[in-house]
Amino acid sequence: MTLLDHMPSEAQLRRAAYRRRQTVYSVLVAASSTAALGALLVVAVTGAPGWDRVRRSFLDPEIARDALPAVLSGLWLNVRLLVCCAAGALLLGLVIAVLRTLRGPIFFPVRALAAGYTYTFRGLPLIIVLYLLTLGVPGLRLQGMPPVLVLGGFALVLTYGGYLAEVFRAGIESVHPSQLAAARSLGLTYRQTMRHVVLPQAVRRVAPPLLNDVVALQKDVGLVSLAGPIDAVRAAQIATAQSFNYTPYVVAGVLFVLLAIPLIAVTDWVTLRSARRQSGG
Amino acid sequence: MAVLRCRGLRKKFGGTVVLDQLDLTVAEHQVVALIGASGSGKSTLLRCVNLLDELDDGTIELDGEDISDPRVDPDRVRRRIGMVFQAYNLFPHLSVLENITLAPRRVHRRARAEAEAQARELLDRVGLGARADAYPDRLSGGQQQRVAIVRALANSPRLMLLDEVTSALDPELVGEVLAMIRDLKADGMTMVLATHEMGFAREVADEVCFLDAGRVVESGPPEQVLGEPTQARTRQFLRRIIEAGRL
Ligand SMILES: Nc1ncnc2c1ncn2[C@@H]1O[C@H](COP(=O)(O)OP(=O)(O)O)[C@@H](O)[C@H]1O
Ligand SMILES: [Mg+2]
């Protein structure tokens, strides 16, 4: 029997009609409560005694237009730093996590170093790492010293690598030992087992928290401006100091959110997909 | 010459002795069924033979080579032994075809096309050719276990170890897996299988070993061990099996 020649029963028709009415009702309720809340907010904010002053100092369209090019070129620095540092931190985190799984006495120093690294850099505030690298290392006056921007990038990679290593390690440990037994029973070496069986499953499982850390990194890359390079927030700060108006900060904030939206959307999508996979759907 | 010869195997977990002075010999083309209560050491024995667990004493010879010697490369040994687990243990992130070709490609360094052709042929032979590109979670338990057997066979093993391969299956799916093992026997595969399927053990095994507390209490032809057991503990075990309706 196909769906077409099936005649729904009286009871089913009544249930369907009831559900349709309920849906329309829910949509109406949602729309009116949203409109009411929105109106309330607008009235409360614009009706506030200081609204005019706030609007002039935070939402001045002319100042926004003037500040935009500088803030945008600062943002370009954020984007480049984010891409390089995210790639570097993911790679470093993965390597550290794998090193920590190595067994056997020969690898003791490697394991100890890797563990010491994750403990140190997860505990150390990013700002201190940044200052140590961008101000301390050039002080050594070594030959061929990389520019401050690169040193700042290293600081970000070192700090985030520590976090990401722990996320990767959790993923590796979540792969059931029976998967290792199956791989080893086929004659795969430890390395082949890691490469073809454990890591692919581990990375899939921790993709959502990894991406979440990348979203956090996106906000922290701007801290390199403490060492000199001009990122979007620093550019906004300079513009603010020139115009005595906070609008450039709002411009930078909006741009940051716009930049984050695709990344956050990807994170949500990956999270949803992995949740579905785990529930066997 | 025997394919597998275990002598005086001993294995402890913490304070408990799990394998105790255990001897087992398997000749070429022979099928040996391990029976015994849960916890009697069947899985541990199979894992020790495949060097997944380390022995506390005794020796294991595979084709006359002492594989319990610590100087032997375990990866090389495992390539000659196929193992199938109760819970299938397929790799969930790989398709059926990738599961089967993983070892031939990475361990035996076969070309991809060659490995895939061999895998498809094996799958066709067991009626799973159409599922080659499916992922394990899209297969029934019986299909997954048959893929796991094919995966072990793709290494062309000398010896197959099967650990209660039908225990996790719904009753109506047991038959298809048992049929496959029957075919393996007909092809002359040497096998050691732990099982709770007494009827199947009687039909397919050349020898049945009854394990109790890590020792082989009784072994011999299936008609004798399952039909006229000489040991009290064997009789007791079989009585419980009969009461559970499994014989
Ligand atoms: N990894 C392990 N750690 C500790 N005890 C174990 C481990 N594996 C098995 N055992 C113990 O060894 C005994 C034999 O187990 P097993 O070989 O799985 O028996 P069977 O397969 O016959 O049911 C059981 O008492 C079990 O609890
Ligand atoms: Mg068992």
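The values are calculated or read from the model by the stated rules, or taken from the named source; none is laboratory data. Remember, it's a predicted structure, so these values are computed and weren't measured experimentally. Heads up, the Cβs are rebuilt from the backbone with ideal geometry, glycines too, and the neighbour counts pull from every protein chain shown.
What is the number of the single condition among (1) buried (at least 17 other Cβ atoms within 10 Å of the Cβ); (2) away from chain A (no Cβ under 12 Å); (3) part of a helix (DSSP H, G or I); (4) away from ligand 2 (no atom under 16 Å from the Cβ) that B:Glu114 does not meet? Exception for B:Glu114: condition (1). Annotation note: Cβ proximity below 7 Å between a residue of region B:130-152 that is within 10 Å of chain A (Cβ to nearest Cβ) and a residue that is in a helix (DSSP H, G or I) and not β-branched (Val, Ile, Thr) (sequence gap 6+ or interchain) occurs for B:Arg151/B:Asn99. Here the condition is being part of a helix (DSSP H, G or I), over 23 Å from the mean Cα position of the chain (by Cα) and buried (at least 18 other Cβ atoms within 10 Å of the Cβ); of A:Ala89, A:Ala114, it holds for A:Ala114 alone.
Assess whether B:Val32 counts as being β-branched (Val, Ile, Thr), within 14 Å of chain A (Cβ to nearest Cβ), surrounded by 14 or more Cβ atoms within 10 Å (Cβ to Cβ) and within 16 Å of ligand 2 (Cβ to nearest atom).
no
Take the conditions (1) surrounded by 10 or more Cβ atoms within 10 Å (Cβ to Cβ); (2) within 31 Å of the chain's Cα centre (by Cα); A:Leu28 misses just one of them, which is (2). For region A:175-229, filtered to residues that are within 24 Å of the chain's Cα centre (by Cα) and within 9 Å of chain B (Cβ to nearest Cβ), the residue that is farthest from B:His93 (Cα to Cα) is A:Arg204. Among the strands (runs of 3 or more DSSP E) confined to region B:158-247, the ones with at least 3 residues that are within 16 Å of ligand 2 (Cβ to nearest atom) and within 14 Å of another protein chain (Cβ to nearest Cβ) are located at B:159-163.
In region B:53-74, what residues are among the hydrophobic types (A, V, I, L, M, F, W, C) and in contact (Cβ under 8 Å) with a residue 24 or more places away in the chain? Scanning region B:53-74 gives B:Leu55, B:Ile60, B:Leu62. Hey, can you tell me all the residues within region B:205-234 that are among the β-branched types (Val, Ile, Thr) and touching a strand residue (DSSP E or B) at 6+ places or on another chain (Cβ under 6 Å)? If the condition is that a residue be among the β-branched types (Val, Ile, Thr) and touching a strand residue (DSSP E or B) at 6+ places or on another chain (Cβ under 6 Å), then B:Val208, B:Val216, B:Val217, B:Val225, B:Thr234 are the ones that fit. For the residues B:Asp63, B:Asp69, the requirement of being of a type in the set (Asp, Glu), surrounded by fewer than 17 Cβ atoms within 10 Å (Cβ to Cβ) and within 29 Å of B:Arg202 (Cα to Cα) singles out B:Asp63.
Let's see how each residue does on (1) farther than 19 Å from A:Leu77 by Cα; (2) surrounded by fewer than 16 Cβ atoms within 10 Å (Cβ to Cβ):
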residue	(1), (2)
A:Ala232	no, no
A:Ala235	no, no
A:Ala241	yes, yes
A:Val251	no, no
A:Leu255	no, no
A:Leu263	no, no
A:Thr267	yes, no
A:Val270	yes, no
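Count, please, the residues in region B:95-107 that happen to be facing another protein chain (nearest Cβ under 8 Å) and either farther than 16 Å from A:Ala181 by Cβ or part of a helix (DSSP H, G or I) (or both). Qualifying residue count for the region: 3. Restricting attention to region B:35-69 and to residues that are within 13 Å of ligand 1 (Cβ to nearest atom) and hydroxyl-bearing (Ser, Thr, Tyr), the residue that is farthest from the other protein chains (Cβ to nearest Cβ) turns out to be B:Ser40.
One residue is enough: does region B:72-93 have a residue meeting the conditions more than 16 Å from ligand 2 (Cβ to nearest atom) and away from every other protein chain (no Cβ under 14 Å)? Checking region B:72-93: not a single residue is more than 16 Å from ligand 2 (Cβ to nearest atom) and away from every other protein chain (no Cβ under 14 Å). Among the residues of region B:15-22, at least one is more than 28 Å from B:Glu197 (Cβ to Cβ) and surrounded by fewer than 22 Cβ atoms within 10 Å (Cβ to Cβ).
Residue count for region A:38-85, restricted to those that are within 19 Å of A:Thr247 (Cα to Cα), among the polar types (S, T, N, Q) and modelled with pLDDT of 90 or more: 1. Going residue by residue through region A:126-144, is there one that turns out to be over 30 Å from B:Leu90 (Cβ atoms), away from chain B (no Cβ under 14 Å) and aromatic (Phe, Trp, Tyr)? Yes: one or more hits.
Scanning region B:35-56 for residues that are away from ligand 2 (no atom under 16 Å from the Cβ), more than 15 Å from the chain's Cα centre (by Cα) and surrounded by 15 or more Cβ atoms within 10 Å (Cβ to Cβ) gives a single hit, B:Leu55. Checked against (1) within 14 Å of chain A (Cβ to nearest Cβ); (2) touching a helix residue (DSSP H, G or I) at 6+ places or on another chain (Cβ under 8 Å); (3) within 16 Å of ligand 1 (Cβ to nearest atom), B:Lys11 passes all but a single condition, namely (1).
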